1. Against the condition within 27 Å of B:E255 (Cβ to Cβ) and within 14 Å of chain A (Cβ to nearest Cβ), how does B:T184 come out, does it pass?
2. Does any residue in region B:338-350 that is open to solvent by 30 Å² or more (accessible area, probe 1.4 Å) come within less than 7 Å, Cβ to Cβ, of a residue that is among the acidic types (D, E) six or more places away or on a different chain, and which pairs are these?
3. Consider A:E147 against the criteria (1) modelled with pLDDT under 90; (2) surrounded by fewer than 18 Cβ atoms within 10 Å (Cβ to Cβ): it satisfies all of them except one. Which criterion is unmet?
4. So, of the residues in region B:53-93 that are among the acidic types (D, E) and within 14 Å of another protein chain (Cβ to nearest Cβ), which turns out to be nearest to A:N163 (Cα to Cα)?
5. Any residue that is β-branched (V, I, T) and over 30 Å from B:P243 (Cα atoms) - is there at least one of those in region B:317-324?
6. Which one of these is in contact (Cβ under 8 Å) with a residue 12 or more places away in the chain and either within 17 Å of the chain's Cα centre (by Cα) or within 14 Å of another protein chain (Cβ to nearest Cβ) (or both): A:V160, A:V202?
7. For the condition open to solvent by 20 Å² or more (accessible area, probe 1.4 Å) and of a type in the set (A, V, I, L, M), what is the one hit in B:A265, B:A226?
8. What is the residue count in region A:55-66 for residues that are out of contact with any helix residue (DSSP H, G or I) (no Cβ under 7 Å at 6 or more places or on another chain) and either among the aliphatic types (A, V, I, L, M) or farther than 18 Å from A:D27 by Cβ (or both)?
Amino acid sequence: MKKVLIVTWALLGVTLCVNAQKIKGSDTVLPLSEKEAQAFMKNNKGNKVMVTGGGSGVGIAALIEGTTDIAQTSRKIKFSERQKIQNKGKTVKEVIIGYDALAVIINNGNGINQLTKEQLEGIFTGKIKNWKEVGGADLKIIPLARETSSGTYEFFKEKVMENKNYFSGIRSLPATGAIIQSVSQTKGAIAYVGIAYLNNSVKALSISFNNGKSYIKPTEENTKNKLYPIIRPLYYYYLTSSESKVKNFINFVLSFEGQKIVQTVGYISTK
Amino acid sequence: MIKNKTFKSIIEKLIEKVFSISGLLTSILIVFICYFLFKEGIGFFKNSTIENGYGLYVNSKNKNLNLSSQDLKQIFDGNISNWKELNGINKSIEIIRIDDVFSIYSEEEIGENYENLSSKTSELIANKEGSIGFFPIEYEPKGSRVTKLPTNHLKLSDFLRGKEWLPTATPAPLFGVLPLIYGTLLVSFLAILIAVPLGLGVAIYLSELASASQRKIMKPIIELLAGIPSVVYGFFGLVVLSPFVQKIFNLPIGETALTGSLILAIMALPTIISVAEDAMRNTPRSMREASLALGATHWQTIYKVIIPYSKSGIITAIVLGMGRAIGETMAVLMVTGNAAIIPHSIFDSVRTIPATIAAELGEAPSGEAHYQALFLLGCVLFTITMIISIVSELISKKSYKKY
């Protein structure tokens, strides 16, 4: 019995001594951070990086509470959150580690190929209700959104709908997989998903943010040179006081090798 | 020998004590959970109608304003563009958010620690007669040319009678629970309507008509259905059932209340079948034989003797099935489309209370209005279930009296 106790204490001591950094936050950034952490730990034996999800809001709350070293988010830190950190007498630093693009998807059987920002806003605020109003067939539009708590929901609202609210009673689904499934079997559906999730069962639209002068397709090339307009940065936030602790890892993520991982996961590198 | 006996009685006493303590603990736990649920839920009414820590400010020339949450939503969505429509001055509405202040003024003007932010917000509101500002209270605009709009507490009547559920709308979230209640009731009752005849049919077959070997195979298979995780049912519903419903009824979308009830009916079946079947098989042999001896056919015995005798068991089966249908979360979340609208037909998409709680509780900031609203939804669900079980208790008591 005693032996067991000693061994557990010893193990606990070892894990505490190792320079462990914790990353917490957005589920969008989660797969990327995991891959980065694996590669980083392979190169730097003895360093430990622990990655957990939970959502952007959860990550920043943990940073404020001091239970994580880095908060990974798919949105910019909110004014009120920055305020809370300042109230504790600390300052926060922001690093953009990559970009994610949102593709607007419709059913493969729908003849529409392109939409403007204004048309998208009209559709998701409930003002445009039929595909014939935007040049398509006489078919009811069925917009699908993500759940209200997701970072994707907020991002689309800010970037495309200029902070206007979705119409009340919009259908929403709990996961990206469910959205793609539903769009692929619903003729009038329209929805948005992260570009890494695109596949052949749905059609991605070209989008215009300049009143229809030019439409841009969400191809790899167009997102890489940031021509495609619905694009969002992915962030790491950390406190200046813990800079020395997290610096090595963040430098690795921003290095050539780290940015290559960003691309393999399906996001867009910063360079 | 005597020693052995006292030892035994001590053990028996001990076991008795353990049982009564565990009974006590369970009741305390239930009371504690109810207390927690209602405490968090009632906290909702202490919140003000606009987001915590923020205030709404207009120019002092703009008088006679009495804005409801609904008006605010219309303003910030750009559906109302002139103050005249709301009894205000004849000026077009200009919305200023705190982020806009940062794009109007440079960082130096605002100051590193936002020292001048308050004076900048004052300046903006004072200079523009048609402006409405949505700022944190710490940086509220001051001076004689700025009016702060009064805020109210959230009200029970708005909660129960509201028809819009938009919990993340800024500046004034809308917590109207009516569409969610209708959605939950529609899906659950429809599910029970489908599941009860089917379940009772199978129960009668199993207890009266099936041979022993058939029963031996069927019963474990049906009980196995209860062990499948609900998210699997949900995905089955999304991939198989919803395209099926869409095709059969020629609907624009397959995620409807009907799809949800079909899935719930399938999920409630094992409970209904096994409880009802047990009740029917408990009919005393003497009663069956008496009925047959009087010349009744097998079928007459079933519906004149066995079903009336096992009525209370059948009602229990229905109530248990209903409990499963009303409280079910994941499967419904996947297949009903989750649109917070008051349904007009069974082919509309609906949002149920459990699905709303499951989808939103994870990221609602703890302690704020949205979080507490979800607990209040839990209280509503609790009340609905309680009413149903009380009513069913009364019904089964009545039917007992007859015998």
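The values are calculated or read from the model by the stated rules, or taken from the named source; none is laboratory data. Keep in mind that this is a model prediction, so the values were computed, not measured. With ideal geometry, Cβ positions are generated from the backbone for all residues, glycine too; neighbour counts draw on all protein chains shown. The accessibility values were calculated without ligands, DNA or RNA, using every heavy atom of the protein model including side chains. Shrake-Rupley method; radii C 1.70, N 1.55, O 1.52, S 1.80 Å.
1. No; evaluated as a whole, the condition is false for this residue.
2. Listed pairs, sorted by first residue: B:I341/B:D348.
3. The failed condition is (2).
4. The residue in question is B:D77.
5. yes
6. A:V160
7. Exactly one of B:A265, B:A226 is open to solvent by 20 Å² or more (accessible area, probe 1.4 Å) and of a type in the set (A, V, I, L, M), namely B:A226.
8. Of the residues in region A:55-66, 6 are out of contact with any helix residue (DSSP H, G or I) (no Cβ under 7 Å at 6 or more places or on another chain) and either among the aliphatic types (A, V, I, L, M) or farther than 18 Å from A:D27 by Cβ (or both).
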